[in-house]
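The values are calculated or read from the model by the stated rules, or taken from the named source; none is laboratory data. Remember, it's a predicted structure, so these values are computed and weren't measured experimentally. Because the Cβ atoms are built from the backbone with ideal geometry, glycine has one as well, and the counts that use them run over all protein chains shown. To get the accessible areas, we keep the full protein, side chains included, count just its heavy atoms, and leave off ligands, DNA and RNA. Shrake-Rupley method; radii C 1.70, N 1.55, O 1.52, S 1.80 Å.
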Amino acid sequence: DNNNITNIPASVQKATALNRLLISNNSLVNLPDDIFGNLKLYALYLDGNKLTSIPQSIFDVNTLRNFKISNNDISNVPVEIKNMKKLYDIDLRNNTITSLPTEIESLKSTLKYIYLHNNPICTNGWLDENSKIREMIEDSPGAGCTAQCSIYCQDKFIGDGFCGRG
């Protein structure tokens, strides 16, 4: 995190023992499409970069549980998200997302937190037209379109405007 990294070499895919890749708050503009295919990650943090799309190979990481890609310029969540059968939380805040693929509903049994605050999807009526996904998101306590106490964490505000984490 926080190293002004501009690219990740494709050789990272040889790091088969790697289970957490945290490259938040750097200067990544794009990532090689096949970079994640062989990894067994359970946490991937790409938040705070300059990404405009989600690399397709991320959807082949069937071990991924925690995925942060907030604070980028992502406008589209591909339908392949349905392949992420172990996904527990996804942070999509502060992007330009106007809709979600309806196939995300197939993750309802594992996906407990979907963070969407500060995306057009929260105000453009799309969630109202897709009630099953809206209900799924509303079942995410403190998530969905609710503002968190920081653009960098998912903690929610607690009484008198204080953050839940010290």
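With the full set of protein chains in place, find how many percent of the accessible area of the chain is carbon and sulfur; take the probe as 1.4 Å.
Within the chain, the accessible surface is 47 percent carbon and sulfur.
Taking only C-alpha pairs under 8 Å that are 6+ residues apart, what is the relative contact order of the stretch 33-79 in percent?
Result for the stretch 33-79 is 48 percent.
Restricting to DSSP H runs of at least four residues, report the calculated mean residue ellipticity at 222 nm for the chain, -39500 (n - 2.57) per run over all residues, nearest 500 deg cm²/dmol. Before the final figure, lay out each step's value.
Details: 2 runs with 12 residues, N = 166.
Calculated from helices alone, the mean residue ellipticity at 222 nm is -1500 deg cm²/dmol.
Can you pull out the trypsin sites (Lys or Arg not before Pro) in the stretch 55-88 that DSSP calls coil and that have at most 14 other Cβ atoms within 10 Å?
Loop-located and lightly packed - 85, 86.
Students often get this wrong, so check it: of 112/132; 68/132; 40/132, which have C-alpha atoms separated by over 19 Å?
68/132; 40/132
Please list, ordered by chain and number, the residues whose modelled amide H lies under 5 Å from the amide H of residue 144; skip anything fewer than 5 residues away on the same chain.
Counting only residues 5 or more places away or on other chains, the set is 114, 115, 116.
Using the Karplus curve 6.51 cos²θ - 1.76 cosθ + 1.60 with θ = phi - 60°, what ³J(HN,Hα) values do you get for each residue of the stretch 139-150, in whole Hz, with x for Gly and Pro?
Karplus-based 3J(HN,Hα) across the stretch 139-150 equals 6, 8, x, x, 10, x, 8, 6, 5, 9, 6, 8 Hz.
Would you list which aspartates and glutamates come within 15 Å of residue 50, measuring only between C-alpha atoms, while excluding same-chain residues fewer than 8 positions from it?
Here the aspartates and glutamates satisfying the reach criterion relative to residue 50 are 1, 73.
Which FRET efficiency, nearest 0.05, do residue 135 and residue 52 yield, Cβ-Cβ r, R0 35 Å?
In this case the efficiency is close to 0.75.
Given a 1.4 angstrom probe, what's the average accessible area per residue across the chain, in square angstrom?
Per residue, the chain has an accessible area of 50 Å².
Return the percentage of antiparallel bridges among DSSP beta bridges fully within the chain, rounded to the nearest 5 %. Don't skip to the end; give the middle numbers.
Working: 3 of 16 bridges.
If I count the DSSP bridges inside the chain, around 20 percent turn out antiparallel.
Just one of (i) 16.5, 48; (ii) 16.4, 51; (iii) 15.5, 48 is Rg and Dmax of the Cα atoms in Å calculated from these coordinates, so which is it?
(iii)
Can you check what the net charge comes to around residue 88, using other residues whose Cβ is under 13 Å from the Cβ of residue 88 (Lys, Arg +1; Asp, Glu -1)?
Combined, the nearby Lys, Arg, Asp and Glu give +4.
Under a 10 Å cutoff between Cα atoms, tell me which one of 140, 131, 106 has the largest fluctuation in the Gaussian network model of the chain.
Looking only at 140, 131, 106, the largest GNM fluctuation is found for 131.
Taking the chain as a Gaussian network, where each spring joins two C-alpha atoms under 10 Å apart, which residue of 99, 27, 11 fluctuates the most?
Ranking 99, 27, 11 by mean-square fluctuation puts 11 first.
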